[in-house]
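Visitor: This structure is in structure tokens; I'll ask about it shortly.
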Amino acid sequence: MTAGPSAVRVVAEEETTRAHVDEWVEVCAFDDLLPWYGACALVRGRQVAIFRVGEGQDLYAIDNYDPIGRANVLSRGIVGDIGGELCVASPLYKQHFSLKTGQCIEQKEVSVPVYGVRVVDGRVQIAVS
Amino acid sequence: MRTRLVVVGNGMVGHKLIECLMGSDAASGFEVVTFCEEPRLAYDRVHLSEFFAGKTAEDLSLVEPGFYERHEVTVHLGDKAVAIDRAAKLVRSEQGRELPYDKLVLATGSYPFVPPVPGRERPGCFVYRTIEDLEAITEAARGRRVGTVVGGGLLGLEAANALKNLGLETHVVEFAPRLMTVQVDDGGGAILRHKIQDLGVRVHISKNTTEIVDGGAHAHRMSFADGDLLETDLIVFSAGIRPRDELAREAGLEMGSRGGIRVDDGCRTSDPDIYAIGECAVWNHQVFGLVAPGYQMAEVAASQLTGGEQRFTGADMSTKLKLLGVDVASIGDAHGRAAGARAYTYIDEPNRVYKKLVVSENGRRLLGGVLVGDAEVYGELLQFCLNGIELPPYPDELILPQREGKKTTGLGVDALPDAAQICSCNNVSKGRICAAIADGAHSLGALKQATKCSTTCGGCAPLAIQILNKELLRLGVAVRKGVCEHFPYSRQELYHIVRVEHHKSFEDLIAKHGKGLGCDICKPAVASILATCWNEYVLKKEHAGLQDTNDHYLANLQKDGTYSVIPRVPGGEITPEGLVALGTIAKKHGLYTKITGAQRIDMFGARVDQLPKIWREVVDAGFESGHAYGKALRTVKSCVGSTWCRYGVQDSVALAVLLEHRYKGLRAPHKIKMGVSGCTRECAQAQATDVGVIATERGWALYVCGNGGMKPRHADLFATDLDQETLIRYIDRFFMFYIRTADRLQRTSVWLENLEGGLDYLKDVVIHDKLGICAELEQEIADVIGTYECEWKKTIEDPEKQKRFRHFVNSDERDNKILFVEERGQHRPATREERQRLAESA
Ligand code: SRM
Ligand SMILES: Cc1cc2nc3c(=O)[nH]c(=O)nc-3n(C[C@H](O)[C@H](O)[C@H](O)COP(=O)(O)OP(=O)(O)OC[C@H]3O[C@@H](n4cnc5c(N)ncnc54)[C@H](O)[C@@H]3O)c2cc1C
Ligand code: SF4
Ligand code: FES
């Protein structure tokens, strides 16, 4: 969780592109997700915060653990954009984390892991390594 | 060798002198000792009457805590100087002190003059000058019905207001044929008298009191020279002031012909080592009964003592006051005594307004004026007068009513020279104000701090605000008003847009008036506005994603990701069954319990998945959501009131419960809190809440805009003697007006401090319906009240909604970061170290 932003982005990209079909874990129905809100899934021991941005199937997944507030709460933050960057605000102390990169916007040295997410036949799947 | 300075009298002016001296470069050259006859350090006598509105001696204090200690000024509190030995250069005190001096300053003020009427020393006769006087009056008024003030001058009317507020039938007895002889002329006096009589105060003019004896129905009977009689329970003498010059007189200093210690332009008495300042001094045959000239004298004396050159050149005696709610102002040569002076007068009998301008023979200069009933132009007229600004061609336009929005040829602040004195109390010029603004003082509060402007009588505040606004505009300081990057509108504007255009969803609003996706600032703000306007269920699909986590889970998020459960306990009143039920529920679900600071019970440590189960049981036990998570009404605290308390005069619990049910669920820019106390002892701390109510013998007193929290603020007295219906009407209007106009996350206290026109304006809007919106406000709040639903009840009835209350969408496992440890018989979140240890041992 202390990996720098670039490292995270690389891992994330590799994750989504290289992911073998077996590595995708099905977590819930797409309809279980509320528009403009998050939900948390347990995937291989990891807490993954999944966000549905808008009414459509635009999904993002980052870790649920807020490294600043030190609690598993990011899925319960408000989704929006800051300076054009899609992000979630931690419900604890309101720092923003990019949904695409996991980067904390206020504190450059902080970021959270990003995971792969997709919808297959109405089911949401997550890829973690 | 330091100069030993003794200051006799630690009143407003004596203290000012010490402040000036200690603020000067020469401070270290002085060893200062002061005698203070009163039992407390200098306080703000000008605002003495606010003591009745709940200000404490501490609030009124002028001495910043620690100031004297820091500057090593010795104060002999409660000790009075009784003699000056000029030959030995020492001062003797009542308690036997003998203090040598190099320089002596007399700042002994004045005493209230009590006419030599037989019977004036009877118990129940008072004067009005010190905090002790006011305490004695309050004590004596208890259980009494009638109070009389002798003297219809400025202070007399202020005292009359106090008696009225104490609930007494109030009389004013004036020797002269009109009120406020010094300040206003006959015409003004007549209007003033009618206006005051309209308020229920009985005014008796041309009455010479000859005797006070035992009364029949009341404690005293006053007899007048014309044979009339008046019965009253207590009497307050306020028939003028006399300089306290006895010390100086006995020491052989020169006196004024009608008393007072004679001083020269340097405030020096006939003894070059002795100065006199404030109300005890006479300069050029004049005594100054106002604080501003006293402050000027203090500055002059401080300058002289430190080798400076400042001189006293007389002072402007213009005044503006609100007496019994009536605006009265007098400027310069109000009586038109100057040679060739001519006057314009405007009289509006139906509305009881009187205005008079006194102009120079050629009509170009304003010499003076009188305003009764409407003193809005005071600041402007004063500037014309003080700065010798040329009058417009038709000076009467300055006092004629401005109808149909026509702005007359009034004076803009731009027309004032930099040297124009804006604040006479603290001698602050326009130039100094502008400089402070340029240095970053961008609010009235900051200006007050930087320049002391508007900190004494407050009369100059409107003008100061005008200058501030103009300057900010000129400096191009953009007052940022958009709530965030997504909306270029302030919260107030967004509220208006939502109402007027009937927006029911955030998406709608941002599509039409904003940009981007929104964020954690604008979403909850808009959610709150939508909730106030349409009162739809906050977890409705289109609103759910806008809510802050607290509103989303209808509970308060804790540091470890758990939530708290706070049921509503209206007025803090709870049945034994209710207590047992909450105890049972807490025990069953393993919750930590605590009595909150707001008279209810908090249950901590609930996981999201537990919330609906817990709330089902809480609702079944008869409780509702306490909205402890929302920017909404929190609690209405109460004290037991008349039902149980020996002193209670009204049923405060019943009112608190009623108010809490009325406003529960009302969403606002920030949380709102209320309190109701059953008598003035104020055990419910109502004055620390947004809306506080205190019972009196004659109804309810309403206080607004108090705050505990980070920056405590005492609530302001808003209205007294209200029956329940009027009380509720005012609160309805007050809340809606606040909700309409406040910024996001702005408590009522901060809102009021930023409200232009302040408390008076708020009263105009809420009580006098100045904006003509009260009917609307009442309708809007009625809509909210009429559509209240308990959010938790609704949530536990809807299985779809409950689905959201789980930690994982795909598992029933618990969040492994939520770990508790035992402490004091309950449990609490584990600290980081404890978590680590627990993880290791597992
Ligand atoms: C539980 C309680 C403390 C307690 O154990 O007694 C409490 C707890 C919190 N207060 Fe409070 N306040 C509590 C009574 C008060 C009081 C006392 C009162 O209401 O009489 C005050 C001062 C009065 C006032 O508001 O003027 C108070 C002034 C604050 C403030 C400062 C507000 C201000 O205007 O300066 C905050 C911060 C804020 O709201 O921005 C705050 C914020 C908070 C928060 C919500 C902080 C947070 O965001 O987590 C705390 C939530 C704890 C929780 O999870 O429930 N709390 N808080 C009290 C709940 C009362 C209730 O029954 O609802
Ligand atoms: C109710 C009220 C309302 C007022 N409203 C206004 C207003 O709106 N605007 C305005 O400009 N002015 C107003 N004033 C007048 C203003 O308060 C006075 O002008 C101001 O207080 C004068 O200050 P001072 O220091 O000269 O006298 P004071 O403030 O009276 O201080 C003199 C102090 O010296 C003490 N003292 C006297 N003799 C001795 C001694 N021998 N030894 C030790 N101590 C001694 C006294 O006890 C007193 O504490 C008001 C006054 C009152 C009472
Ligand atoms: S005072 Fe601070 S720590 Fe205590 S409850 Fe209030 S917000 Fe929390
Ligand atoms: S004029 Fe009195 S405070 Fe400014």
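Visitor: Read through the list (1) within 11 Å of ligand 2 (Cβ to nearest atom); (2) among the hydroxyl-bearing types (Ser, Thr, Tyr); (3) closer than 26 Å to B:LEU5 by Cα, then give the number of the only condition that B:TYR68 fails.
Guide: (1)
Visitor: Take the residues in the stretch A:57-80 that are more than 7 Å from chain B (Cβ to nearest Cβ), over 18 Å from A:GLU106 (Cα atoms) and part of a strand (DSSP E or B), then tell me which one is most open to solvent (accessible area, probe 1.4 Å).
Guide: Among residues in the stretch A:57-80 that are more than 7 Å from chain B (Cβ to nearest Cβ), over 18 Å from A:GLU106 (Cα atoms) and part of a strand (DSSP E or B), the one most open to solvent (accessible area, probe 1.4 Å) is A:TYR60.
Visitor: Could you tell me which residue of the stretch B:498-526 is most open to solvent (accessible area, probe 1.4 Å), considering only residues that are in contact with a His (Cβ under 6 Å, 6 or more places away or on another chain) and more than 10 Å from every other protein chain (Cβ to nearest Cβ)?
Guide: So, considering only residues that are in contact with a His (Cβ under 6 Å, 6 or more places away or on another chain) and more than 10 Å from every other protein chain (Cβ to nearest Cβ), the one most open to solvent (accessible area, probe 1.4 Å) is B:GLY514.
Visitor: If we keep just the residues of the stretch B:47-57 that are at pLDDT below 90 and more than 15 Å from B:ALA715 (Cβ to Cβ), which is farthest from ligand 2 (Cβ to nearest atom)?
Guide: Top of the filtered list is B:ALA57.
Visitor: A follow-up question, please. So how many residues does the stretch A:72-102 have that are of a type in the set (S, T, N, Q) and under 13 Å from A:ALA61 (Cα atoms)? Steps first, please.
Guide: So the first thing to find is which residues in the stretch A:72-102 are of a type in the set (S, T, N, Q), and the list is A:72, A:75, A:90, A:95, A:98, A:101.
Remaining after also requiring under 13 Å from A:ALA61 (Cα atoms): A:75, A:98, A:101.
Here the count works out to 3.
Visitor: If you scan the stretch A:20-41, which residues turn out to be facing chain B (nearest Cβ under 7 Å), surrounded by fewer than 21 Cβ atoms within 10 Å (Cβ to Cβ) and not in a loop (DSSP other than H, G, I, E, B)?
Guide: Selection gives A:CYS28, A:ASP32.
Visitor: Which residues, taken from the stretch B:344-381, are hydrophobic (A, V, I, L, M, F, W, C) and closer than 26 Å to B:LEU290 by Cα?
Guide: B:VAL353, B:LEU357, B:VAL358, B:VAL359, B:LEU366, B:LEU367, B:VAL370, B:LEU371, B:VAL372, B:ALA375, B:VAL377, B:LEU381
Visitor: Tally up the residues in the stretch B:209-223 that are open to solvent by less than 40 Å² (accessible area, probe 1.4 Å) and closer than 20 Å to B:LEU168 by Cβ, please.
Guide: 7
Visitor: For the stretch B:722-750, which residues satisfy the criterion of being open to solvent by 60 Å² or more (accessible area, probe 1.4 Å) and part of a loop (DSSP other than H, G, I, E, B)?
Guide: Once the filter is applied, which keeps residues that are open to solvent by 60 Å² or more (accessible area, probe 1.4 Å) and part of a loop (DSSP other than H, G, I, E, B), the stretch B:722-750 yields B:ASP723, B:ASP743, B:ARG744, B:LEU745.
Visitor: Output the residues belonging to the stretch B:438-477 that are within 11 Å of ligand 4 (Cβ to nearest atom), of a type in the set (Lys, Arg) and on the phi < 0 side of the Ramachandran plot.
Guide: Result: B:LYS448, single match.
Visitor: Spot the failing condition for B:GLY314; the list is (1) touching a Cys at 6+ places or on another chain (Cβ under 8 Å); (2) open to solvent by less than 20 Å² (accessible area, probe 1.4 Å); (3) not in a strand (DSSP E or B), and only one is missed.
Guide: With (1) touching a Cys at 6+ places or on another chain (Cβ under 8 Å); (2) open to solvent by less than 20 Å² (accessible area, probe 1.4 Å); (3) not in a strand (DSSP E or B) applied to B:GLY314, the lone miss is (1).
Visitor: A further question follows. What are the pairs, 6+ residues apart or on separate chains, where a residue within the stretch B:46-63 that is without any contact (Cβ under 8 Å) to a residue 40 or more places away in the chain has its Cβ under 8 Å from a residue that is in a helix (DSSP H, G or I) and within 16 Å of ligand 4 (Cβ to nearest atom)?
Guide: B:HIS47/B:LEU60; B:GLU50/B:LEU60
Visitor: Hey, could you check the stretch B:806-839 for residues that are under 24 Å from B:LYS594 (Cα atoms) and in contact with a helix residue (DSSP H, G or I) (Cβ under 8 Å, 6 or more places away or on another chain) and say which is nearest to the other protein chains (Cβ to nearest Cβ)?
Guide: B:LYS817
Visitor: Hey, does the stretch B:324-331 have a residue that's away from ligand 4 (no atom under 16 Å from the Cβ), at pLDDT below 90 and not small (Gly, Ala, Ser)?
Guide: yes
Visitor: Could you check, for the stretch A:96-111, whether at least one of its residues is in contact with a Pro (Cβ under 8 Å, 6 or more places away or on another chain) and either among the hydroxyl-bearing types (Ser, Thr, Tyr) or within 11 Å of chain B (Cβ to nearest Cβ) (or both)?
Guide: Yes, because at least one residue in the stretch A:96-111 is in contact with a Pro (Cβ under 8 Å, 6 or more places away or on another chain) and either among the hydroxyl-bearing types (Ser, Thr, Tyr) or within 11 Å of chain B (Cβ to nearest Cβ) (or both).
Visitor: Here are some residues: B:ARG352, B:ARG364, B:ARG342. Which one is open to solvent by 20 Å² or more (accessible area, probe 1.4 Å), in contact with a His (Cβ under 7 Å, 6 or more places away or on another chain) and of a type outside the set (Asp, Glu)?
Guide: Going through B:ARG352, B:ARG364, B:ARG342 in turn, just one is open to solvent by 20 Å² or more (accessible area, probe 1.4 Å), in contact with a His (Cβ under 7 Å, 6 or more places away or on another chain) and of a type outside the set (Asp, Glu): B:ARG352.
Visitor: Still on this structure, please answer the following. When the residues of the stretch B:419-448 are filtered to those that are over 24 Å from B:LEU321 (Cα atoms) and part of a loop (DSSP other than H, G, I, E, B), which remaining residue is most open to solvent (accessible area, probe 1.4 Å)?
Guide: B:ASP439
Visitor: May I ask you to list the residues in the stretch B:549-572 that are within 14 Å of chain A (Cβ to nearest Cβ), under 35 Å from the mean Cα position of the chain (by Cα) and buried (at least 23 other Cβ atoms within 10 Å of the Cβ)?
Guide: Those that are within 14 Å of chain A (Cβ to nearest Cβ), under 35 Å from the mean Cα position of the chain (by Cα) and buried (at least 23 other Cβ atoms within 10 Å of the Cβ): B:ASP551, B:ALA555.
Visitor: Further question on the same structure: Against the definition (away from ligand 2 (no atom under 16 Å from the Cβ) and surrounded by 15 or more Cβ atoms within 10 Å (Cβ to Cβ)), how does B:VAL117 come out, yes or no?
Guide: Judged against the criteria, B:VAL117 is a match.
Visitor: Filter the stretch B:188-199 for residues that are part of a helix (DSSP H, G or I) and open to solvent by 30 Å² or more (accessible area, probe 1.4 Å) and give the result.
Guide: Matches in the stretch B:188-199: B:ALA190, B:ARG193, B:HIS194, B:LYS195, B:GLN197, B:ASP198.
Visitor: Consider B:GLY259 against the criteria (1) touching an Asp or Glu at 6+ places or on another chain (Cβ under 9 Å); (2) among the small types (Gly, Ala, Ser); (3) assigned to a helix (DSSP H, G or I): it satisfies all of them except one. Which criterion is unmet?
Guide: (3)
Visitor: Right, next: For the stretch B:29-87, name all the residues that are under 18 Å from B:THR456 (Cβ atoms) and either within 16 Å of ligand 1 (Cβ to nearest atom) or in a strand (DSSP E or B) (or both).
Guide: Residues satisfying the conditions are B:TYR43, B:SER61.
Visitor: Among the numbered criteria (1) open to solvent by 10 Å² or more (accessible area, probe 1.4 Å); (2) more than 20 Å from A:GLU109 (Cα to Cα); (3) free of Cβ contacts under 8 Å to residues at least 12 places away in the same chain, which one does A:LYS94 miss?
Guide: (2)
Visitor: With at pLDDT 95 or above, surrounded by fewer than 17 Cβ atoms within 10 Å (Cβ to Cβ) and either away from ligand 4 (no atom under 16 Å from the Cβ) or under 19 Å from B:GLU797 (Cα atoms) (or both) as the only criterion, which of B:THR575, B:THR635 stands out?
Guide: Details: B:THR635 fails: surrounded by fewer than 17 Cβ atoms within 10 Å (Cβ to Cβ).
Within the list B:THR575, B:THR635, the selection yields B:THR575.
Visitor: Go through the stretch B:264-285 and give me each residue that's assigned to a strand (DSSP E or B) and either over 18 Å from B:VAL91 (Cβ atoms) or open to solvent by 30 Å² or more (accessible area, probe 1.4 Å) (or both).
Guide: B:ARG268, B:VAL282, B:TRP283
Visitor: While we're here: Please determine whether any residue of the stretch B:582-600 is within 14 Å of chain A (Cβ to nearest Cβ) and open to solvent by 30 Å² or more (accessible area, probe 1.4 Å).
Guide: no
Visitor: Testing B:GLU231 on (1) in contact (Cβ under 8 Å) with a residue 60 or more places away in the chain; (2) away from ligand 2 (no atom under 12 Å from the Cβ); (3) not in a strand (DSSP E or B); (4) not β-branched (Val, Ile, Thr), one condition comes back false. Which one is that?
Guide: (3)
The values are calculated or read from the model by the stated rules, or taken from the named source; none is laboratory data. Because the structure is predicted, anything quoted here is derived from the model rather than measured. Cβ: placed from backbone, ideal geometry, glycine included. Neighbour counts: every protein chain shown. Side chains are part of the model used for accessible areas, which takes the heavy atoms of the whole protein and leaves out ligands, DNA and RNA. Shrake-Rupley method; radii C 1.70, N 1.55, O 1.52, S 1.80 Å.
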